[in-house]
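These notes concern the structure reproduced below.
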Amino acid sequence: MTNTVERKMEKYHNIEFLRFVFSVIIVYFHILHGNIMKYIGSNYDYKTLQILSDNAGWIVECFFIISGYFLYKNITVENNKKPIMSFVLKKIFRLGPVLWFSIIISAVFFRQSYFVAIFNSVFLQCIGLSLDYKGINWYISPLFWALCFYYCLFKTIEHKTARIIGGVIVYFCYLVNIEYCHGGFGRGTVYGVINLGLARAIAGIGLGCLICSSMESLKQFSCSINQKIKYILISIMELTSSVFLIRFFLLGLNYRNKFIVVIAFAILFVCFIVKKGFFSKFLNQPIFSALGRYAYSIYVMQQICFWILQKTLWKTVIIKSTIVCLCLSLLFSVIVGIIVYYFVEKPTYQWYLRHIKYNENI
């Protein structure tokens, strides 16, 4: 009982900080790719930054891995007792409200298709059943279904067998993306039956589950390496993987095979989970965790922010000042995400938790 309580209370403030940083970077990427570009004319600075940040879109693979790790963590903490339907409802109320809010605003104020909105609101975008696989929020539907799939897998099958099955699935889901996209990741449906976006979610979340289960298994082994040496080695790994990812996402470092981002992030992620290096310890403070709570709302609401910016800031002379315009655009997107978190995401999820608690006490 004591171990369960301790594990429930364990916090990863450093990982929450990564989620926030990644959400800001993905907003930055989307600003420069297909949103602000038609307003800048031949501005060299914007185009240079666009080229340098071409790889930032692959941050989505990192989000999937993080989600998979904490999914498996929650399953083991709860001892797999929560019913499948309860888990599904929890995810609907966790992911749905902000998405629905964004969809309603898009359809009412920005003339987005009501027909497409229906598909997207029930998590059918980018899983093969909807023809719509583009747009910024494509990531949410694959995330939802992949989380449900793995929860069902670990709920209905003995964990050792489920891990083996999951490992095979992870391999082939990454394989189909890398091979079909010539070293990258896609979203469309190929061979008539495989949706690449859903495959990415299944692969990333599955990998996160495998990382968590492996680390849980390794806890029983003792390490005889001197603590100072361990601290130095892990700190070097943290620094190396962080610098690589920054260069890859924002400074134009490029490789034909984008699977390298999965490898590099997995190394950084494991270092941050063990919290034995300088950077993982320094960032493992509650103040950094507070930022992570806004990551989802920032991600979902960014398209709405871009449509507003298109009619306001991006039509002014500020557009000529690259750094000022980008900073203001990023700041606006973050502020909107924070507001939506407090007025939509948090209250709706708290209502759901109160409702479930009430029903359990009847």
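The values are calculated or read from the model by the stated rules, or taken from the named source; none is laboratory data. Here the structure is a predicted model, which means the values were calculated and not measured. Glycine gets a Cβ as well: all are built from the backbone with ideal geometry, and neighbour counts include every protein chain shown. Note: accessible area is taken over every heavy atom of the protein model, side chains too, but ligands, DNA and RNA are not part of it. Shrake-Rupley method; radii C 1.70, N 1.55, O 1.52, S 1.80 Å.
Annotations for the structure displayed:
- Max mean-square fluctuation residue, GNM over the chain, Cα-Cα springs under 10 Å, options GLN302, GLN50, GLN227: GLN227
- Of GLY41, GLY206, GLY188, the residue with the greatest mean-square motion in the GNM of the chain, using alpha carbon springs below 10 Å, is GLY41.
- For region 204-362, accessible area per residue (1.4 Å probe, heavy atoms of protein chains only), Å²: 55 Å²
- The protection proxy used here, the mean number of other Cβ atoms lying within 10 Å of each residue, ranks peptides 91-99, 30-38 as follows, highest first: 91-99, 30-38.
- Screening the chain for DSSP H helices whose Cα atoms reach 30 Å or more along their own axis and whose mean Kyte hydropathy is at least 0.5 gives 84-109, 159-180, 196-218, 227-250.
- Where MET301, MET237, MET215 fall by accessible area, highest first, once all protein chains stay in place (1.4 Å): MET237, MET215, MET301
- Listed by chain and number, the lysines whose C-alpha is less than 20 Å from the C-alpha of LYS82, apart from same-chain residues fewer than 8 away, are LYS8, LYS73, LYS90, LYS91, LYS155, LYS160, LYS357.
- Our note on the geometry: Cα centres of region 231-301 and region 26-66, 19 Å apart.
- Sulfur and carbon atoms: percent of accessible area, region 143-234 [1.4 Å]: 67 percent
- Candidate residues ILE267, ILE25: accessible-area rank, largest first, probe 1.4 Å: ILE267, ILE25
- Each Lys and Arg Cβ is given +1 and each Asp and Glu Cβ -1; about its Cα centre, the chain then shows a dipole of about 400 debye.
- Of the labelled figures (i) 1.01; (ii) 0.94; (iii) 1.06, only one reflects Cα Rg over 2.2 N^0.38 Å as derived from the coordinates, namely (i).
- Helix-only [θ]222 nm of the chain, DSSP H runs n ≥ 4, -39500 (n - 2.57) each, per residue, nearest 500: -23500 deg cm²/dmol
- Charge dipole (debye, nearest 20) of region 142-270; +1 at Cβ of Lys and Arg, -1 at Cβ of Asp and Glu: 140 debye
- Gaussian network model of the chain, Cα within-10 Å springs - most flexible of SER329, SER214, SER42: SER42
- Solvent exposure of SER113, expressed as accessible area, is near 60 Å², computed with a probe of 1.4 Å over the protein chains only.
- Rolling a 1.4 Å probe over the protein heavy atoms leaves ASP45 with an accessible area of roughly 80 Å².
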